[in-house]
Structures are given as structure tokens and as C-alpha cells.
Amino acid sequence: MSLDFDYMLVLAPILLGYLPLTLQMATIAMALALVLASLLAIVRVLRTPVLYQATGLFISFFRGTPLLVQLFLFYYGLPQVLSFMTRIDGVTAAVMGLTLHFSAYMAESIRAAIVGVDRSQTDAALSIGMTQAQMMRRIVLPQAVRVALPTLVNYFIDMIKSTSLAFTLGVTEMMGATQKEAASSFLYFEAFLTVAVIYWVVVETLSFVQRRLERWLGRAYRR
Amino acid sequence: MIELRGLTKRFGANTVLDGIDLDIAEGEIVVVIGPSGTGKSTLLRCFNLLERPDAGRLTIDGLTLDLAHCDRRQALALRRRTAFVFQNYALFANKNALDNIAERLIIVDRLPKREAHARAREILARVGLANRETSYPSALSGGQQQRIGIGRAMAANAALMLFDEPTSALDPEWVDEVLAVMKDLALARQTMLVVTHEMRFARDLADRVIFMEGGRIVEQGPPSELFTRPADPRTRAFLRKVLPDAEV
Ligand SMILES: Nc1ncnc2c1ncn2[C@@H]1O[C@H](COP(=O)(O)OP(=O)(O)OP(=O)(O)O)[C@@H](O)[C@H]1O
Ligand SMILES: [Mg+2]
């Protein structure tokens, strides 16, 4: 077996050119998913009638079906039945799919973390005259996020890797670009090894940031 | 004048408060004593609707409400007129000492941040913790945490401050510094309703002591009378236990 190392060195910068798109999709989807998951979690905790059942169905569906099926459903399926979606592009469809899919998972970790916040914290928040919403936003969620953080970063890592599925919607992100490069050079092993290493380095960098972030968020709880 | 009428609270079939009537004058310091499980905490928690009573009317600071049926807006109005000091301090774990006090000023009273922090600093100084502004609760002793808990309650400028056994979770070494802060407030005639086992505080600072048992007010009066000449045998029995060296 021989490895065309020079080819990999030439290919790497080309693929890295697509990294910003990959990270952009993941970041936007993550931000949206965080907001959506928090709202879902709050509904789950407060058991708001109707919304509670609706969110249950939503979470069950997006956890119960493969991400790839959901992406195809959005990109190829929905435009056929919803006329206003005819011009949806692959990036938007991918971000949408990632957001909905991951928010369903993240809602559950956030819900568990919210329920774990001590009763005395909510008593104190109410006693100073906060509304339920203020209490959630200022006291409960910040404490819950700290608990949920390691899991949430893991979902973000998963999300970054899952953006590679966008190439099936015709998006030329890192994976799509690799596919094209490999098809013209026929050096499939080198091409996919290169992209694997790039994903790997990105994820390892994030894990490092994760540890720093955990320490920073934990500052209130250290002596 | 604060007027409470017919406060009733049940947990299932258990009637914990059985028609409590209570008037508190402005600037009055009222201490509640009584055996464990008698409804003292529940009484305090009903005063600001941390528990929802089954019946009761309350008038406080120009607000009259039916405690069992009031809506969310009225509940907020009541909570903004009262302040609560918890047995376990219950400081916001995600906020430092200064923000624990300033939180209410910023979020509830909508003061500009600078003003709120300036006011919070004054309060921190008053409870003797000017140097711990940026400390988080986990880095503070029980006594320090409770002084900030009282500081947080002070920020409300409340018509009534409620204290639920503020010193009973403390190591003995921290009790005095917390009592000193409460004494400072009492001398400034902050209206307060205090559940406590600290008979020194009751004797020295209370205008009135209430003895509760079984969800009812059994007997009340100035400490000089209640502690020395209790009329009811239940009061006598209780005092004999908590004041072992006293002649009652
Ligand atoms: N959330 C609740 N659900 C059910 N029962 C409760 C609840 N809170 C309090 N109780 C019951 O109400 C009664 C009064 O409790 P409360 O805490 O008010 O007593 P207390 O006088 O403060 O006692 P202590 O001196 O031990 O603090 C007790 O029998 C208690 O078990
Ligand atoms: Mg109690």
C-alpha cells in the first residue's frame, strides 16, 4: 500500500476552504436548536396543556426517524406539497433539518437539568417578585445549562459531523468537496483520509474548548 | 397596618393553618414560636404566596387580596411588597454576592444597572460584607450567605420582611453575626415577622411574641409577659423546653 502524501498536502487547503461553510451550518443550526430546545424543555417542565402534547409528538418524531430521512423530507418532499418552499436551497434545508433533529434531543437534556435545579432557587426567585419567565431566564436556565453543558457540546460535535450529510442535498460543503476531488483524482483513500483528519482536528479543538468552558461556567461553584 | 384574616391552608386532609387572624403594625417586630410541624413556615410562605392558601384575606401596603383566588398580577404585587429570608439562605447559586442583592432591583424594580449596583453595595456594606462583592455563594460561610440573604430581602424595601428560622441552619459560630444584622433592622423599625428559636432575639427585640400550635395562634403578647406569665398550659410546656433555665 502506498499513500500519496503530497496529494494530501495539496488537497488539505482546498478542503479547508469549505470548512467555514461546514462550521457556519453547524453554528447556526446549534444556535437555533438551543433556543428551540429551551422552549421545548420549558413546555415539558411546565406541562402547558396542548403544547405539552404537541411537543411530545414533535420530540418523538424527530428522535424516532433518521436524520437523513428528515433531510430528504425537507429538501425533496416538502416543496412538492408546500408551494412557498419551492426555492429552498440545500443549505437552508440542511440547517432546518439539523435544527429540528438536534433540538429534539437537546430538549430532553435541558429538561432533565431544569428539573434538577433546587426548589430553594425557584422559591427565592419567586419571593423577590420575579415572573415565571424571569425566573426561568435569569435563575433556572443558567443553572440548568451548566449542568447540561457537557451533553450539549457533545451534540454540537455530533452536529458538525452530521453537516456532512448536506452533500446528499447537493451542498458542496467539506464532504461534498472531498467527493468531487476524489472523483477526479481517483485517490479515494487519500481524499477521505484527509477530510477525516480535518473533522477529527476540529472535534478535538472543540473538546478542548469544552473543558475550558466547563471550568468557566463552574467558577460560581468553586471555592 | 397589615391585616390577615381567616388564613386556612390544607395539605390534602391535613389542615396545617386553621383560620389565622393576625394584625401587624408598621414597624412592629413580631416573633412566632411553636413546636415543629405546627405550621410556622407555612404561615410565612402563605404571606407571599409561595404556598397557595385555601382561604384568607390580606391587606398590606394599600393592597387587599383574597389569597385563595388572586390572579398572577396580584400575586406579583404581593411578593413585591414582602421579602423572605430562608432557613437555608437560598442565594442564587449562579450569581455573586452583589448580583444576588441587585437582581431584584434590576429585574423587578427596573432600576438602571449602575444605580442598582450602587444600592446593592450600600446594602453589602450594611451587612458587613463590602469586601465580598464578587464572591459566589459556594465560596462564603453560612453566616456570610445568610447576611447576603438578608441583604437581598432588604433590597425590596418591603412593607414586611419574613424570616423563617434564619439562624437554625447555621453553625453556632455564625449565629451572632446574623442576629446582629437582624438587630440592626429591628432597631431601624423594619416591620418583620420572624420564626425563630432564638429566645434572646425574641426577648430583646420583639414587640410581640406569638405562640402557635396545631395551626392556630394559642397565645400572644409582649415577650416580657409571654415568657414570664404564659396563660396557656401548652405555652408553658413549650417554654419550659426551650428556656430550660427560666421559671415559667
Ligand atoms: N408541601 C407540603 N406538602 C404536604 N405537607 C406539607 C407541605 N409543607 C408542609 N407540610 C406539612 O405541614 C405541616 C406544617 O409544616 P411547617 O413546615 O409549616 O411547620 P413548621 O412549624 O415550620 O415546623 P418546623 O419548626 O419543623 O420548621 C407539617 O405537618 C408538614 O408535614
Ligand atoms: Mg419551619
Quiz prompt | Where a residue in the stretch B:107-127 is buried (at least 18 other Cβ atoms within 10 Å of the Cβ) and its partner, wherever it lies, is β-branched (Val, Ile, Thr), with Cβ under 7 Å and at least six apart | solution = B:Val108/A:Ile128; B:Ala116/B:Ile106; B:Ala120/B:Ile101; B:Ile123/B:Ile101; B:Leu124/B:Ile101; B:Val127/B:Ile148; B:Val127/B:Ile150; B:Val127/B:Val181
Quiz item: Is there a residue being on the phi > 0 side of the Ramachandran plot and more than 14 Å from chain A (Cβ to nearest Cβ) anywhere in the stretch B:180-195?
Solution: yes
Practice problem: Can you run down the residue pairs with Cβ atoms below 6 Å, 6 or more apart or on separate chains, where the first is in the stretch B:32-47 and open to solvent by less than 10 Å² (accessible area, probe 1.4 Å) and the partner is within 10 Å of ligand 2 (Cβ to nearest atom)? | Solution: B:Val32/B:Lys40; B:Val32/B:Val195; B:Gly34/B:Lys40; B:Leu44/B:Asp164
Exercise. Go through the residues of the stretch A:136-149 one by one and say whether even a single one is more than 30 Å from B:Arg73 (Cβ to Cβ) and facing another protein chain (nearest Cβ under 9 Å).
Key: yes
Practice problem: State all residues of the stretch A:112-130 that are more than 7 Å from chain B (Cβ to nearest Cβ) and assigned to a loop (DSSP other than H, G, I, E, B); if no residue qualifies, say none. | Solution: A:Gly116, A:Val117, A:Asp118
Quiz item: Quick one: would you say A:Ser164 is among the small types (Gly, Ala, Ser) and under 23 Å from the mean Cα position of the chain (by Cα)?
Solution: yes
Practice problem: Scan the stretch B:185-209 for residues that are of a type in the set (Gly, Ala, Ser) and in a loop (DSSP other than H, G, I, E, B) and report the count. | Solution: 2
Quiz item: Out of all the residues in the stretch A:78-100, is one or more within 13 Å of another protein chain (Cβ to nearest Cβ) and of a type in the set (S, T, N, Q)?
Solution: no
Quiz item: Which one of B:Leu162, B:Leu193, B:Leu170, B:Leu179 is under 22 Å from B:Asn88 (Cα atoms), open to solvent by 10 Å² or more (accessible area, probe 1.4 Å) and within 16 Å of ligand 1 (Cβ to nearest atom)?
Solution: B:Leu170
Exercise. Could you list all residues from the stretch B:84-102 that are within 7 Å of another protein chain (Cβ to nearest Cβ), away from ligand 2 (no atom under 16 Å from the Cβ) and among the aliphatic types (A, V, I, L, M)?
Key: B:Ala93
Quiz item: Which condition breaks for B:His69 when tested against (1) open to solvent by 30 Å² or more (accessible area, probe 1.4 Å); (2) within 12 Å of ligand 1 (Cβ to nearest atom); (3) more than 14 Å from the chain's Cα centre (by Cα)?
Solution: (2)
Quiz prompt | Among residues of the stretch A:59-106, those that are open to solvent by 40 Å² or more (accessible area, probe 1.4 Å) and small (Gly, Ala, Ser), counted | solution = 3
Practice problem: Evaluate the stretch B:124-145: report whether one residue or more is of a type in the set (Val, Ile, Thr) and within 16 Å of ligand 2 (Cβ to nearest atom). | Solution: no
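For (1) aliphatic (A, V, I, L, M); (2) modelled with pLDDT of 95 or more, each residue gets a yes or a no:
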position	(1), (2)
B:Phe84	no, yes
B:Phe92	no, yes
B:Ile101	yes, yes
B:Ile106	yes, yes
B:Arg110	no, yes
B:Ile123	yes, yes
B:Ala156	yes, no
B:Ala159	yes, yes
Quiz item: Among the residues of the stretch B:182-207, which ones are of a type in the set (Asp, Glu) and within 16 Å of ligand 2 (Cβ to nearest atom)?
Solution: B:Glu198
Practice problem: Report whether or not B:Ile29 is in contact with a strand residue (DSSP E or B) (Cβ under 7 Å, 6 or more places away or on another chain), among the hydrophobic types (A, V, I, L, M, F, W, C) and more than 13 Å from ligand 2 (Cβ to nearest atom). | Solution: yes
Exercise. Output the helices (runs of 4 or more DSSP H) that fall wholly within the stretch A:19-94 and possess 2 or more residues being under 16 Å from the mean Cα position of the chain (by Cα), or say none.
Key: A:19-46, A:51-64, A:67-72
Quiz item: Residue check: is B:Gly56 open to solvent by less than 40 Å² (accessible area, probe 1.4 Å) and more than 9 Å from chain A (Cβ to nearest Cβ)?
Solution: yes
Quiz item: Do we find that A:Ala93 is touching a Leu at 6+ places or on another chain (Cβ under 7 Å) and modelled with pLDDT of 90 or more in this structure?
Solution: yes
Quiz item: When only residues in the stretch B:32-53 that are over 13 Å from the mean Cα position of the chain (by Cα) and more than 14 Å from chain A (Cβ to nearest Cβ) count, which is farthest from ligand 2 (Cβ to nearest atom)?
Solution: B:Pro53
Exercise. Select from the stretch B:208-227 the residues that are aromatic (Phe, Trp, Tyr) and more than 16 Å from ligand 2 (Cβ to nearest atom) and list them in ascending order.
Key: B:Phe227
Quiz item: Restricting attention to the stretch A:202-214, does a residue exist that is within 14 Å of chain B (Cβ to nearest Cβ), farther than 30 Å from B:Leu160 by Cα and assigned to a helix (DSSP H, G or I)?
Solution: no
Practice problem: Take the stretch B:141-179 and flag every residue that is in a helix (DSSP H, G or I), closer than 26 Å to B:Ala25 by Cβ and touching a residue at least 40 places away in the same chain (Cβ under 8 Å). | Solution: B:Gly149, B:Ile150, B:Gly151, B:Arg152, B:Ala153, B:Met154
Quiz item: Among (1) surrounded by 12 or more Cβ atoms within 10 Å (Cβ to Cβ); (2) part of a helix (DSSP H, G or I), where does B:Met212 come up short?
Solution: (2)
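The values are calculated or read from the model by the stated rules, or taken from the named source; none is laboratory data. Fair warning: this is a prediction, and the values are worked out from it, not measured in the lab. Because the Cβ atoms are built from the backbone with ideal geometry, glycine has one as well, and the counts that use them run over all protein chains shown. Note: areas computed on protein heavy atoms with side chains; ligands, DNA, RNA excluded. Shrake-Rupley method; radii C 1.70, N 1.55, O 1.52, S 1.80 Å.
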